[in-house]
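The values are calculated or read from the model by the stated rules, or taken from the named source; none is laboratory data. A quick note: this is a predicted structure, and the numbers were derived from the prediction, not measured. Please note: Cβ atoms are built from the backbone with ideal geometry, for glycine as well, and neighbour counts cover all protein chains shown.
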Amino acid sequence: MKIKAIQILCAFFLVASCGPKPSKSVAEIITEIDTYSSTIDANSNLKEETIEGALTDNEGFKDIGKFKYTVYFDGQSNQLYKIKNIETTDKAISETYYFKDRDVVLITTNLSGTSHKMYVQKDKVISDTKTDAETQKLLLEKAKRFHKNFNNEH
């Protein structure tokens, strides 16, 4: 009886020690993303390409503002790290998208002085500062579109 109990106990500990490891907390992931984005911002070795132009109305006839779009990437591997998009109309909008391993991990926005951070993991928002669901979806779609456009050009 004692041998069977010891065997069951050993089997339990073996399964528990080899089982899945607990995932990181949201706070740990956010800290890692903040560290990563700071590293990208400080990296002066990244290649930078900027495109500027006019923003037009839906029909494409009337200028309603301007934009400045800058990509930051590794010149040798063409790995994308960051995209900064600035749109100026009757209001100023600044968006910065950080990418890691081809996925967006952080989106920062500044709309007329109001800043927001949206942390992303596997195409899902894990934390943000008061961004509604529709805006979250729009920004995630924009990130995918920007990344696809970068891949087509490089």
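Inside the stretch 1-110, counting only strands (runs of 3 or more DSSP E) that do not spill past its ends, which hold 3 or more residues that are over 17 Å from A143 (Cα atoms) and at pLDDT below 95?
47-56, 63-73
Output the residue which, of all residues in the stretch 65-82 that are closer than 17 Å to D41 by Cβ and in contact with a Ser or Thr (Cβ under 7 Å, 6 or more places away or on another chain), is surrounded by the fewest Cβ atoms within 10 Å (Cβ to Cβ).
Of all residues in the stretch 65-82, those closer than 17 Å to D41 by Cβ come to 70-74, 79-82.
Pick out the ones that are also in contact with a Ser or Thr (Cβ under 7 Å, 6 or more places away or on another chain) and you get 70, 82.
Details: T70: 15, K82: 19.
My answer is T70.
So, in the stretch 101-151, of the ones that are without any contact (Cβ under 8 Å) to a residue 12 or more places away in the chain and among the β-branched types (V, I, T), which residue ends up surrounded by the most Cβ atoms within 10 Å (Cβ to Cβ)?
That would be T135.
Looking at the stretch 76-87 only, could you name the residues that are farther than 20 Å from D34 by Cβ and in contact with a Leu (Cβ under 8 Å, 6 or more places away or on another chain)?
Listed by number, the list holds a single entry, E87.
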